[in-house]
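Q: Have a look at this one.
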Amino acid sequence: MTEPLVLTACTAVSAAGRGVLAHRDALLSRTSGLQPNDFDPGLGGWIGRVPGTEAHALPPAMAGFDCRNNRLADMALRTDGFAEAVAEARDEYGADRIAVVLGTSTSGVSAAEDAYQRRCDGGLLPAEFNYDHTQDLFSLGSYVRTVLGLRGPALVVSTACASSARCFMDAGQLIRTGVCDAAVVGGADSLCRMTLHGFAALELLSPTPCRPCAADRAGISIGEAAGFALLERADARRRDGRTTPRLALLGAGASSDGHHMSHPHPEGAGAVGAMRQALRRAGLAPHDVDWINLHGTGTRANDATEDLAVASVFGDGVSCSSTKGWTGHTLGACGILEAVIAGQCMAAGFVAGCLGIDTPDPAFRAQVAVGTLDRPVQSVVSNSFGFGGANCSLVLGLLS
């Protein structure tokens, strides 16, 4: 059993809204943020696009970092009082004692796509294209670290769709070993042509809003998002004056089954390993969990395989569902986004059942929720599974 760590501040932006309360409202009103694909209309399908991204401006001193991914990150940093919370922690611990551990799968590749379309004579990219501060994977970490005025360890994880979930594990190790006192964890992934065309080539884009766990599910709706959490030890000083229970990371598990580049293990072996490891580190039994926030992308293979894995670990005794019907699949950002969503469900006492379906796939063995379940939620397993067999499961709970 590992020492719990508390998420003393959280923020997120996605197609479902800007800020944690906006996400709670969208979940409770069952209002999806998905829309017809106007980012690359020729492909069709639906996307989860964050409103206002194009108009958002980075601070003038950070103009060299300007790309869609860093704009999303900046929007999140300036929401929910997150930057102010980090500033208070920085004053308490020192700038060199707060780590930055973030995840992304695409980084600022859209900036490179735009630059490629504006190639100069001889096929050269425009001189103003700044690879290091946009497309490079560390661009996100460098941007966040600089804007927040931090000088502790910094790294960016890129393990496909498990990226920002895996960050919790790496940041937790830094804190528990005394390398730092706190960490900014999370990540961002933004819409880009590479992702949309890649999933289209795999014939995985749904022509309608994605409907995870439905018998007639037809694929993914790609989304974009950014989110962050300030991770600290369980005895961290309360700075907000509140006495309500705090969201905590109770345990985490990861695996790499390496079955196939884009297809899950047929029996969900890696997913099973990640969930069991996370439960063991949290000191919980399967029946102690109140809700499983599925990776649930809406593809036939992913959902069916995850159902096998969940049933193997939990049987049919724990409610499970996917929230990607609200946000789309935000790739490397889904781990942090869905951790924030889980926190809101726990704080308000409800399970967000799958959106847009009346009954789950009758072949599924797990207990899939298809509507809002109003009841206490004290512990959640949140799954993030990526291409190449990268799997990560987080166990989140409430601590007094």
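What follows draws every value from the coordinates through simple rules; no lab data is involved. Please read all numbers here as calculations on a predicted model, not as lab measurements. Cβ sites come from the backbone with ideal geometry, for glycine too, and all protein chains shown count toward neighbours.
Q: As an exercise, use a Förster radius of 25 Å and the Cβ-Cβ distance of residue 288 and residue 155 to find the FRET efficiency, rounded to the nearest 0.05.
A: Here the calculated transfer efficiency is 0.20.
Q: Here's something else I'd like to know. Can you compute the helix-only [θ] at 222 nm over the chain? Use -39500 (n - 2.57) per DSSP H run of at least 4 residues, normalise by all residues, nearest 500 deg cm²/dmol.
A: Computed mean residue ellipticity for the chain: -9500 deg cm²/dmol.
Q: Report ³J(HN,Hα) in whole Hz for each residue of the range 122-133, in order, from the Karplus equation J = 6.51 cos²θ - 1.76 cosθ + 1.60 where θ = phi - 60°; Gly and Pro get x.
A: x, x, 6, 6, x, 4, 7, 5, 10, 4, 4, 9
Q: In whole Å, how far is the Cα centre of the range 331-400 from that of the range 51-89?
A: So the two Cα centres are separated by 27 Å.
Q: Based on C-alpha coordinates, I'd like the Rg and Dmax of the range 261-400, in Å.
A: According to the Cα coordinates of the range 261-400, Rg and Dmax are 13.6, 42 Å.
Q: What translational D, rounded to a whole number of µm²/s, comes out for the range 5-233 from Stokes-Einstein when the hydrodynamic radius is the Kirkwood one over Cα pairs, at 20 °C and 1.002 mPa s?
A: Value of D from the Cα-based Kirkwood radius: 116 µm²/s.
Q: On to the next question. What does the charge add up to near residue 327, with Lys and Arg as +1, Asp and Glu as -1, over the other residues with Cβ less than 11 Å from its Cβ? Mind dumping the intermediate values first?
A: On the way: positive: 49, 324; negative: 224, 338.
Around residue 327, the charge tally is 0.
Q: Something else now. For each of 107, 164, 221, count neighbouring Cβ atoms within 10 Å of the residue's Cβ, then give the residues from fewest to most.
A: The order, fewest Cβ neighbours first, is 107, 221, 164.
Q: Multiply the residue gap between residue 173 and residue 84 by 0.36 nm, knock off their C-alpha separation, and tell me the result in nm, one decimal place.
A: Here the segment from residue 173 to residue 84 would lengthen by 29.6 nm.
Q: Here's another thing I want to ask about it. Each residue of the range 33-48 in turn: what ³J(HN,Hα) in whole Hz from Karplus with 6.51, -1.76, 1.60 and θ = phi - 60°, glycine and Pro shown as x?
A: Taking θ as phi minus 60°, the curve returns x, 6, 8, x, 5, 9, 7, 9, x, x, 7, x, x, 10, 9, x Hz for the range 33-48.
Q: Looking only at GluC sites (Glu not before Pro) in DSSP loops with at most 11 other Cβ atoms within 10 Å, what is the longest site-free stretch of the chain? Can you show the working numbers first?
A: Values: sites that count: 54, 128, 203.
The answer is 204-400.
Q: Now for a different question. Report, to two decimal places, the Cα Rg of the chain normalised by 2.2 N^0.38 Å (N = number of residues). Please report the intermediate quantities before stating the final value.
A: On the way: Rg = 19.6 Å, N = 400, 2.2 N^0.38 = 21.4 Å.
That works out to 0.92 for the chain.
Q: Roughly how far apart, in whole Å, are the Cα centres of the range 278-327 and the range 145-188?
A: 25 Å
Q: Got a sec to turn the phi values of the range 325-341 into Karplus ³J(HN,Hα) couplings, 6.51 cos²θ - 1.76 cosθ + 1.60 with θ = phi - 60°, whole Hz, x for Gly and Pro?
A: Residue by residue, the range 325-341 yields x, 8, 10, x, 8, 8, 6, x, 8, 5, x, 6, 4, 7, 5, 5, 4 Hz.
Q: Additional query: Only counting other Cβ atoms within 10 Å, I'd like 357, 98 sorted with the fewest neighbours first.
A: Lowest to highest Cβ neighbour count: 357, 98.
Q: Distance in nm between label sites at residue 91 and residue 30, each 7 Å beyond Cα in the beta-carbon direction?
A: According to this spin-label approximation, the distance is 4.5 nm.
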